[in-house]
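Here's the structure we're looking at; comments come further down.
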Amino acid sequence: PELNHPAEDENGIERHLFFLGMGIAQHKYEEYNLNFCDHDVEAVADALKKQQGKLYSRVHSQVYTDEQATRDNLETGLNWVADGCKAEDTVVIMFAGHGLKARRGLYYLPYDGDFESLAATCLNWDKVGEALRRCRAKKILFLSDACHAGAFGKSLLPLQEDLVNGLVKSAGVMVLASSTGTEESFEVDNLRHGVFTATLLKGLAGHGDSNKDQQVTLGELADYVIAEVPAETQRLQHPCIPDVGTFDRDLILSHVAPASPEDEPANATPAPPQQEAPSQPKAL
């Protein structure tokens, strides 16, 4: 079918997609290490890049993982998005890693971040909000996967809502969060992805196309992820939309080929774990 959002609008103005991914599995201080955050953002970047020439004239991608994801580089990436996009463009930002809260605010722990010196070494979440408020793009989607691993006490863990509510209120950003409250994010070793990302990839590849029009909208993708992730984690992880009011369900994220039985994506989520093996998906 004809695309609702072609690569150019009716005035011949090109539509671009900007993707900024921040995912850190290996930290300078190994006690902060996670598992597949780096693979998660790289895979989402690859999936969106496939929309170049379809939904978008160009897809611009900047991904920072592990030792590349220093605070300075992350701030550079945020400025790249804020200064590079235009009103007709779409921005997708994915955050996967440690979120921390302190008396002076919320922080993202970069590769060289040190919990003992948050203000000096970590990315203050206000910087994210400031950059997004400068964005001229009218459609900004934030994928939040704040991992609640055992390296920090519960008093230091912000709720997913803490991290994203400020972005929604100050910048009108659309947010899809991997979990609610302080739920843990789950992973499956053989996929080398978190369950949230594996399900996102499957949805973007076509399984989220609920009305079979060969287009996956943000609403369809969110519905798919919100339904599938709990099923894959024995209902221990529940993705959510923190503010439905800002959510553009009609935003098209993926144009896909007609479905066929052979089209199972390589990054598919696993079958629901059997009762005798309830630990197949495990917490980060």
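Values in this text are rule-based calculations from the coordinates and carry no lab data. Fair warning: this is a prediction, and the values are worked out from it, not measured in the lab. Note that we place each Cβ from the backbone using ideal geometry, even for glycine, and neighbour counts take in every protein chain shown.
General remarks:
- For residue 58 and residue 257, the difference between the fully extended length at 0.36 nm per residue and the C-alpha to C-alpha distance is 69.7 nm.
- Calculated FRET value between residue 120 and residue 180, using beta carbons and R₀ = 35 Å, to 0.05: 0.65
- Extension reserve of the residue 223-residue 87 stretch, reckoned as 0.36 nm per residue once the Cα distance is removed: 46.3 nm
- Taken along its principal axes, the alpha carbon cloud of the range 1-143 reaches lengths of 53, 28, 19 Å, longest axis first.
- Annotation for residue 103 and residue 46: the two label points, set 7 Å from Cα along the Cα-Cβ direction, are 4.6 nm apart.
- Taking amide H as placed 1.01 Å from N in the peptide plane, residue 33 has its amide H under 5 Å from the amide H of 27, each at least 5 places away in sequence or on another chain.
- Estimated FRET transfer efficiency (residue 134, residue 248; beta-carbon r; R0 22 Å; 0.05): 0.65
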